[in-house]
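FYI, it's all coordinate maths here, none of it is from the lab. As the structure is a computational prediction, the values presented were derived from the model and not from experiment. With ideal geometry, Cβ positions are generated from the backbone for all residues, glycine too; neighbour counts draw on all protein chains shown.
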Amino acid sequence: MTRSITKISLIILIGLIIFGCNTTKKVPAGKSLLTNNDIFVDGKKTTSEEVSNQLYQKQNSKLLGYHFRLNIFNLAKEKADSLYKAKFVANSKKYNRKVKWLSKKQVKRLGESFYYKGINDFLKKTGEAPVIIDTSSTRKSLKRLKSYYFNRGYFDASTKYTIDSIGEKKVKLRYDVKLGKPYMLDSINSYITSPPLDSIYQLRKNNSILKSKKQYAKTAFDEERARITEDFRNNGAFRFQQNNINFNIDTIVKSHVANIDVLINDENIRIDDTMRTVPFKLYKISKVNIFTDHSPANPNAKISDSTVYKDFNLYSSNKLKYRPKSITDGVFIVKGSYFSDTKTSLTSRYLSNLKVFSYPLIQYIEDSTEENGLIANIYLTPRKKYTFGFSTDFTHSNILDIGVEGSTTFSIRNIFNGAETFEIAFRGNIGSSRDVANPNDNFFNVAEIGVDARLNFPRLFLPFKTDRIVPKSMIPFTTISVGYSKQTNIGLDKQNFTSALTYNWTPKKNTNVRFDLLNIQFVKNLNSQNYFNVYASSYDALNEQAQTYNTNPDYVNGGDVTQDNLIIESGTSGFINDVLGPNPVVIPSAQDFNIIRSIEERRRRLTENNLIFATSFSYSKTSKKDLTDNEFYTFRGKLESAGNLLSLLSKSSSRLQTADGSSALFGVTYSQYLKTEFEFIKHWDLSRKKVVATRAFFGLAIPYGNSNSVPFSRSYFAGGSNDIRAWQSYGLGPGSTGAINDFNEANMKISVSTEFRFNIFQQLFGALFIDAGNIWNVSDIVTDPKAVFSGLESLKDTAVGTGFGARYDFNFFVVRLDLGFKTYNPANAEGEKWLKEMRFDKSVVNIGINYPF
């Protein structure tokens, strides 16, 4: 069998080599395939993608050095329909037999089928036609290269090309660019005929992009034109446009030196049939009119209700349904202030963020009753007050292998006439998970139902004014939320109660701040006696100890204490009590005693009910401009503290004290910990649909005071489709323990991932990745040295996974499949850690939606 596989692999390899060498198969006689473009600048080869993008003709793309798409194209037959017809022209008997068996119409359609024609069309569409060298395009490339460097100050640059033959029907191009000495900016003078504009320019001319002694660059002039225009239009110059700015560049006076004149002439206006020039004016807002129920279908509807609030005029064709302040708080266009593009944009953002209006329309008209006055008309189109939605989805997560989720949402907008929104959602899902107990072997072995309610206020909901701390320009809003969910058939089963008071605001563009003043979570286990059915690894370890030390036949299911298994729950709890109880009956060795104690400590931790009163502060910032931006970074940081408020209450009330010295509320010991997280993501766009993406994450949660461990819901795990992909979810760590438990978690995590993404063809992408990281325990009840982070030397237990994957982009989401290999497994013995599991039978398949980071 092994020899057969080897032979098949060898045949495939030889076929690929032969196939790969025939890249000129579709190159016509007398023509040549362009295999490479080399650009040399002053004798040095450049690999700049920006420079190579100036070329009109580029060589065929390669996938890891192989002309994949070109060779796919070469597989297609030319004029497949003609070949099909020619087959019957040469053999009329064969045609007659086909017609008798089918029909003339069917025989004709067969020639247009996928087998004959469609497959060739598919190969052509998927593949890439050979790039035939074209000297006219090459000469155009020379001009573009010269223009490229001219725009960067090399006015004397010269270009030439040479064509080198490298085989039959194959050539490569070499472009040589000689730059010469660059031109530098010298004096920069301004000539602005409109006095108001000249005053604005002079006030902030130190912010100019154009600086003396800097090298000439066309982009700097574009940026300066945009800067000046923005400055003018934010200070009242309503009629000013970028094309009103001109630059005079004088290179005659001195060699390789350019003197710059900034020229801004008066405004050209048409009066009757003649053109006149008049100085630009600065306009002030004379009126602000807000139409609260504008209808694009009926824009001239009669106004029936109106009011004036702080110089804002509010109009409605029906009864006014909004408190004026709730709308005017989001309007930054103020009577008596200068016209400003920035304030216009900010007003649009704020009003859109209210989620009670469609995107607002803001128009300005000149006020005929006031000199240099502008009337601002703001048209707001309300969304429906009541909306009802239903959705279903197929999900995949760290716990669920597959899940079906359904939800219904009922929304009420402007519920208190202050632009508030209220949402209540009912949800339910069923799923299948290999990671939970499933004694009945049901495919759907996980179920959950839940309800969530959320109330949003377009302001910080506090008993004191916050404008000086968080001004309304930061678009603040408050969310009050409550939720309840119940899980069944997931082993321990759970009830989960949540409640939160959250504040959000945006200090700057692409920057978000979130402050959870109160985040409450109560987790109640409904079926804790089922623990050892769920956590089979813990049960097996305990059972092994019992077969050595147990002396009570009532604890096992067959009466033989040396061979039979412990009964769940009576046998497991009885044996643990015999070892760890106040009056121990069984005395194991010190090592085995620690194993049994560790099993019991973990059982208690994972079956105890959790009460979490937390406060957290989160900060995120990204440079991503839009969905197509592949050159950006994202930073996220979070600080969370839990239990401190309840700790203060417990010190002042003996009722919260328990017999063991801890404190409890409603009979549940509350959690107390400090947690911090940092994540940094960076993407580099290598062009031609190639991207390098990397992510670094660090998280640490330290229990203290009322807790000696962090709640399971706030701990960390490693592995899974969005983490270290060579391990399954919860399948890695802690440290070098070898994932001895079913759900392995800890209170510290470090991970770093890097991924190279590239286009294969059309919407199909490939990826190569490397993930590294692990979880450890710090300052909690776990004492196993293999699981504890004891300093930098513990970093030797950092796991490394590598692999490859495929992604298909459906535009609105990406389906992802990754194959991960354990490259370095810290749990293996010395000498077995590196590369011993780099096999397909040891690999982990991950299916996910969208990119992992």
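Overview of values
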| quantity | calculated |
| --- | --- |
| Cα gyration tensor shape for the range 28-67, rounded if a/c is under 1.5, else prolate or oblate | prolate |
| Nonlocal amide H pairs with V788, under 5 Å, H built at 1.01 Å | N777 |
| In Hz, Karplus ³J(HN,Hα) per residue of the range 304-311 (6.51, -1.76, 1.60; θ = phi - 60°; x = Gly, Pro) | 10, 9, 7, 7, 10, 9, 6, 6 |
| Whether the chain is rounded, prolate or oblate, judged on the alpha carbon gyration tensor where a/c under 1.5 counts as rounded | oblate |
| For the range 273-324: rounded, prolate or oblate by the Cα gyration tensor [a/c cutoff 1.5] | oblate |
| Rounded FRET efficiency, nearest 0.05, which uses the C-beta distance separating A829 from I402 and R0 of 45 Å | 0.80 |
| For the range 337-347, Karplus couplings with θ = phi - 60° (6.51, -1.76, 1.60), whole Hz, Gly/Pro x | 8, 5, 4, 8, 5, 5, 5, 5, 5, 5, 4 |
| Rounded to the nearest 20 debye, dipole of the chain from Cβ charges on Lys, Arg, Asp, Glu | 4820 |
| Helix-only mean residue ellipticity at 222 nm for the chain, each DSSP H run of n ≥ 4 adding -39500 (n - 2.57), per residue, nearest 500 | -6500 deg cm²/dmol |
| Computed over the chain: relative contact order in percent, which uses C-alpha pairs under 8 Å that are six or more apart | 5 |
| Amide H partners (placed H, <5 Å) of L732, local residues excluded | A718 |
| Residue-count net charge about S485 - beta-carbon cut-off 9 Å; Lys, Arg +1, Asp, Glu -1 | +1 |
| Average Cα contact separation per residue, the range 529-607, under 8 Å, 6 or more apart, as relative contact order % | 27 |
| DSSP bridge pairs, the chain: antiparallel proportion in percent, nearest 5 | 90 |
| Other-chain or far-sequence residues with amide H under 5 Å of I290's (modelled H) | N313, L314, Y315, I378 |
| Vicinal HN-Hα couplings computed from phi for the range 627-636 (Karplus, 6.51 cos²θ - 1.76 cosθ + 1.60; Hz; Gly/Pro x) | 5, 8, 6, 10, 10, 7, 9, 9, 10, 9 |
